[in-house]
Amino acid sequence: MDIRDYLVDILLTVVMIVSTLILINRFWQDLTIAIAAGLMMLSLGGLFLSLQVKMRHLERSIVIRERILRTNLEETTNRIADKYDMAIAHLNELIGEYSKRMYR
């Protein structure tokens, strides 16, 4: 996990937490509400970060699977082309043999 990829999200999470604490500052009489709101915003920011990490992991796995499928498709195409060429060559040999027999 490269921190540079998630730096913007981490910064936005910190801004979200700070803004929540500033908003809750009006309720400074009740510390429980302030702590609960701060923890709620922290967990929400963590959820967003976790979701982004999972989506990037999913994106990487899709790219890897696409490469594997592309490689397998190319190999299959080459095999089919080789078999097709062999079948055509064999048919040409048979046609040549029958042509020789007909002209004898």
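Give the label of the value calculated from the structure for percent of Cα pairs over 24 Å apart, choosing from (1) 62; (2) 24; (3) 40.
(1)
Please name which of Ala81, Thr32, Tyr103 has its Cα lying farthest along the dipole of the chain towards the positive end, using unit charges on Cβ (Lys, Arg +1; Asp, Glu -1) and the Cα centre as origin.
The one lying farthest along the dipole's positive direction is Tyr103.
Given a 1.4 angstrom probe, what's the average accessible area per residue across the chain, in square angstrom?
Here the residues of the chain average 90 Å² of exposed surface.
Using the Cβ atoms and a cut-off under 14 Å, what net charge is assigned to the surroundings of Asn72, where Lys and Arg are +1 and Asp and Glu are -1?
On the way: positive: Arg65, Arg67, Arg70, Arg79; negative: Glu66, Glu74, Glu75.
Around Asn72, the surrounding residues sum to +1.
In segment 17-104, which chymotrypsin sites (Phe, Trp or Tyr not before Pro) are in a loop and have at most 12 other Cβ atoms within 10 Å, using DSSP for the loop call?
Trp28
For the chain, which whole-number percentage of the solvent-accessible area (1.4 Å probe, protein heavy atoms only) is attributable to carbon and sulfur atoms?
On the way: 6290 of 9390 Å².
Ligands and nucleic acids excluded, carbon and sulfur give 67 percent.
Suppose every Lys and Arg Cβ carries +1 and every Asp and Glu Cβ carries -1, with no other charges. What dipole size does the chain come out with about its Cα centre, to the nearest 20 debye?
On the way: 13 positive and 12 negative charges, 68 e Å.
I would put it at about 320 debye.
Just to confirm the number: angle between the C-alpha axis of helix 31-103 and the first principal axis of the chain, 0 to 90 degrees, nearest 10?
Computed tilt is about 0 degrees.
Based on the Cβ-Cβ distance from Met16 to Glu59, what FRET efficiency comes out when R0 is 30 Å, to the nearest 0.05? Could you put the intermediate results ahead of the total?
Values: r = 24 Å, r/R0 = 0.81.
Efficiency, rounded to the nearest 0.05: 0.80.
Could you tell me how many degrees, from 0 to 90 and to the nearest 10, lie between the Cα long axis of helix 3-24 and the main elongation axis, the longest principal axis, of the Cα atoms of the chain?
The helix 3-24 is inclined about 30 degrees to the chain.
The values are calculated or read from the model by the stated rules, or taken from the named source; none is laboratory data. All of these numbers come straight from a predicted model, not from anything done at the bench. Don't worry about glycine lacking a Cβ; one is built from the backbone with ideal geometry, like all the others, and counts go over all protein chains shown. What goes into the accessible areas is simple: the full protein's heavy atoms, side chains included, and nothing from ligands, DNA or RNA. Shrake-Rupley method; radii C 1.70, N 1.55, O 1.52, S 1.80 Å.
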